[in-house]
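One structure below.
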Amino acid sequence: MKKRRLVTRTIILLILGAAVAYTLYANFTKDDIKKVVVGETAPDFVLMDLDGEEHRLSDYKGQGVFLNFWGTYCKPCEKEMPYMDNQYKQFKDKGVQTLAVNVGESELAVSKFAERHNLSFPIVLDADGQVQTAYKIGALPATYMIDKDGKVVKYHTGQLTEEMIKEFMEQVQP
C-alpha cells in the first residue's frame, strides 16, 4: 500500500514539475515573438475605412506613412487626435499619409468619435485585431513611421505632442 502511494505521489509531482517547467519556458520564449523592428519592411494589410473604402498599406509606397493604433476609450489617444489632424492637413500634400487604425471597436463608436472631433484623416477599422496582432501592439496609442520604401523608421508608444507628430512626419517625408 505504501509503495502504491509513493508511486502515485511521484507521478503527481512529475506532472506538476512538467507543468511548472512548461509555464516558465512559455513565459521566457514569448518575447521571441518580436515587434516590427525599425529598418524592416512594415507588414502589409488591407482594412476598410468608415466610408467602406479599402486601404492597403503597400498602396502608399512612395509616400511616408504615419500609422497610428488607437481606441476611443484611450484618453491619450483622444488628446493626440487633434494634433494628428492638424499635421495631416499640413503634410497630406507633401507625400505623408496618415492612417489611424482603430483596434476592435464598432463602426458606430468610431464614426461618432470621428465626427465629435472633426477628424479628416483616414480611419480604418481593425475589427478582428489581425493588424494589431501583426504589429504586436500592446498599449495604446502606438505609432509607426514608415518611409516611402515601406520600411519602419520609428516606433513610438504613448501620447504624442503636436511637435513630435510634426517631427515624425518630417522624418518620413519623401
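The values are calculated or read from the model by the stated rules, or taken from the named source; none is laboratory data. Values in this document were obtained by computation on a predicted structure and should not be read as measured data. Every residue, glycine among them, receives a Cβ derived from its backbone with ideal geometry; neighbour counts consider all protein chains shown. Keep in mind that these areas ignore ligands, DNA and RNA; they rest on the heavy atoms of the full protein, side chains included. Shrake-Rupley method; radii C 1.70, N 1.55, O 1.52, S 1.80 Å.
Couple of notes before you dig in:
- Linear extension gain, ALA134 paired with GLU115, 0.36 nm per residue minus alpha-carbon span: 4.0 nm
- Packing here is the average count of other Cβ atoms within 10 Å per residue, and on that basis the peptides 3-15, 86-98, 155-167, 136-148, highest first, run 136-148, 86-98, 155-167, 3-15.
- Sorted on the mean count of surrounding Cβ atoms within 10 Å across their residues, most packed first, peptides 117-127, 41-51 read 117-127, 41-51.
- Rolling a 1.4 Å probe across the protein heavy atoms gives the chain an accessible surface of 58 Å² per residue.
- Annotation: for a label point projected 7 angstrom from Cα along Cα→Cβ of LYS92, residues of the range 103-133 with backbone N closer than 13 Å are 118-123.
- Seen from all directions on average, the range 62-145 presents a Cα convex hull projection of 5.3 nm².
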